[in-house]
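Working notes, structure below.
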Amino acid sequence: MEMKKINAGKLRAIGYDRRERVLRVEFDDGSAIDYSSVGEDVWRRFSTSGSAWSFYRDNIEEEFAGSRGRAQVQSKRAELEDLFRAPDEDQG
């Protein structure tokens with residue numbers, strides 16, 4: 001599942017598996033929750049929301065069943081490499 005990095009409230013990354021209809025939300029404390037049976041419309045509105053934290057609290061947190069886990073954290077070195085990578089390096 002491809003994750004979209006965000007910085008909204010306690011949210012740090014969000015991702016969606018269309019085939020499985022699973023929404024993954026990762027938090028700044030390293031925890032993560034996978035929500036099942038999430039429609040693509042909810043994902044689209046969430047991922048494009050100007051206020052993702054509020055959208056999450058109002059439309060996802062209490063509306064869908066979630067299972068807790070841990071965020072897949074890259075090493076600090078990989079995070080720094082991503083941060084300082086030149087734009088043309090991404091095309092490999």
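How many of the residues in the stretch 27-46 are among the small types (Gly, Ala, Ser) and either free of Cβ contacts under 8 Å to residues at least 12 places away in the same chain or over 17 Å from Lys10 (Cβ atoms) (or both)?
First, the residues of the stretch 27-46 that are among the small types (Gly, Ala, Ser): 30-32, 36-37, 39.
When the remaining residues are screened for being either free of Cβ contacts under 8 Å to residues at least 12 places away in the same chain or over 17 Å from Lys10 (Cβ atoms) (or both), the result is 36-37, 39.
The number of residues fulfilling the criteria is 3.
Give me a count of the residues in the stretch 3-56 that are of a type in the set (Ser, Thr, Tyr) and in a strand (DSSP E or B). First the steps, then the outcome.
So the first thing to find is which residues in the stretch 3-56 are of a type in the set (Ser, Thr, Tyr), and the list is 16, 31, 35-37, 47-49, 51, 54, 56.
Applying the additional criterion that residues be in a strand (DSSP E or B) yields 16, 31, 35.
Qualifying residue count for the region: 3.
Given the criterion of a type in the set (A, V, I, L, M), within 12 Å of the chain's Cα centre (by Cα) and crowded, with 19+ Cβ neighbours inside 10 Å, identify the matching residue among Val25, Val42, Val38.
Values: Val42 fails: within 12 Å of the chain's Cα centre (by Cα); Val38 fails: within 12 Å of the chain's Cα centre (by Cα).
Going through Val25, Val42, Val38 in turn, just one is of a type in the set (A, V, I, L, M), within 12 Å of the chain's Cα centre (by Cα) and crowded, with 19+ Cβ neighbours inside 10 Å: Val25.
Coordinate-derived values only; no laboratory data. It should be emphasised that the depicted structure is a prediction, and the values quoted were computed from it without experimental measurement. With ideal geometry, Cβ positions are generated from the backbone for all residues, glycine too; neighbour counts draw on all protein chains shown.
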